[in-house]
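The values are calculated or read from the model by the stated rules, or taken from the named source; none is laboratory data. The structure presented is a predicted model; accordingly, all values stated were derived computationally and were not measured. Positions of Cβ are generated from backbone atoms using ideal geometry, with glycine treated the same way; all protein chains shown enter the neighbour counts. For the accessible areas, the whole protein counts, side chains as well, though only heavy atoms, and no ligand, DNA or RNA atoms are used. Shrake-Rupley method; radii C 1.70, N 1.55, O 1.52, S 1.80 Å.
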Amino acid sequence: MIGRATAVALIAAGVVLTATAMVLPWYSTAYPGDVEVVVRAWGTEVVNKPGDWPAGDLSPWYGLPIAVTAALLTAGIWVGRAALAGAAAQLGAVGVIAALLVSERGHAVEQQGDFAIGFGLVFLALGTLTAFAGAVAVQREAA
Amino acid sequence: MKIVSAVLLAAAAAAAVTATFLPLSELLIRLAPDQPQTAYVTTGWATHFGGTKDRHGPLFGVPVAAAAIALLAGIRWRRTAFAAAAALAGVTGMLFVYLLNAIGFHEEGNIAIDPGLEAGFGTGTWVLMAATVLAFGAVVVHPDD
């Protein structure tokens, strides 16, 4: 038992880390010719986009479900079980991001691209684990 | 209600795993007017364009399977059921956001090649959503608190 105050502090720290992740790059791939594809929570940016780049944008708003889970985490400070719902849902959502990350890295390596993980993803992972630990602790305190 | 909840959790886990083998999204396109349609299909375990498999296709089945295992654990350890249902909801939500954009991207990028192309969610996405509803249903009929 770590006490409710510590558990709530962990949730709050998780929310802050997650919020920070929303404004930082998650991962990127640099290709020859100074072309760089940067994936963020609110869309994908193509730096120095070549003229023959495919039409349309593969630019999902990954931040949307994360914003919902962060809101649930925040609500969990006052509303019982909301924090656990938010933390578990965020863990599931990050699982999908992990699957995409492995796939994108494979594509990048195959196309001679230089793949890099951004601080946003590091903050997201840390925020998710911190919030999850806090949410579980709050549940145990309540039990 | 305990048995009903267990059955619902087992059904949700089974539906979630089944969904990973079904198409999550599909694009049907004619690459030339006189050719048959070629299917671009994403499942939880592979992405195919016609007979070609993307060697680095995203394995969405992994987080779905993990959530399904957590649901099954919820039958034995009641307190994990709610978290498992929420985790499945998180997987489904993020997958929906990704696929929604990917489908739009495929439409926009290929409409000039085949104006009659068909792109949309596959049955796997709807089965996954149904699994999420079943999982929360299990928690509602037999809450652990």
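Might you let me know whether segment A:16-38 holds any residue that is facing chain B (nearest Cβ under 10 Å) and open to solvent by 20 Å² or more (accessible area, probe 1.4 Å)? I'd like the intermediate steps shown before the answer.
Going through segment A:16-38, the residues facing chain B (nearest Cβ under 10 Å) turn out to be none.
Within segment A:16-38, none of the residues are facing chain B (nearest Cβ under 10 Å) and open to solvent by 20 Å² or more (accessible area, probe 1.4 Å).
Kindly evaluate B:Phe105 against the criterion of being under 17 Å from B:Glu26 (Cα atoms) and open to solvent by less than 20 Å² (accessible area, probe 1.4 Å).
On the way: under 17 Å from B:Glu26 (Cα atoms): yes; open to solvent by less than 20 Å² (accessible area, probe 1.4 Å): no.
So B:Phe105 does not fit the description; no.
Within segment A:71-88, if we keep just the residues that are more than 15 Å from A:Met22 (Cβ to Cβ), among the small types (Gly, Ala, Ser) and open to solvent by 10 Å² or more (accessible area, probe 1.4 Å), the residue that is nearest to the other protein chains (Cβ to nearest Cβ) turns out to be A:Ala85. Just so you know, in segment B:37-48 the residues that are touching a residue at least 12 places away in the same chain (Cβ under 8 Å) and within 14 Å of chain A (Cβ to nearest Cβ) include one that is most open to solvent (accessible area, probe 1.4 Å), and it is B:Trp45. Only residues that are open to solvent by 50 Å² or more (accessible area, probe 1.4 Å), at pLDDT 90 or above and not in a strand (DSSP E or B) were counted across segment B:23-36, and they come to 1. Among the residues here, B:Gly93 does not qualify as at negative phi, surrounded by fewer than 19 Cβ atoms within 10 Å (Cβ to Cβ) and not hydrophobic (A, V, I, L, M, F, W, C). Does segment A:107-116 include one or more residues that are at pLDDT below 95, of a type in the set (S, T, N, Q) and out of contact with any helix residue (DSSP H, G or I) (no Cβ under 8 Å at 6 or more places or on another chain)? Taking every residue of segment A:107-116 in turn, at least one turns out to be at pLDDT below 95, of a type in the set (S, T, N, Q) and out of contact with any helix residue (DSSP H, G or I) (no Cβ under 8 Å at 6 or more places or on another chain).
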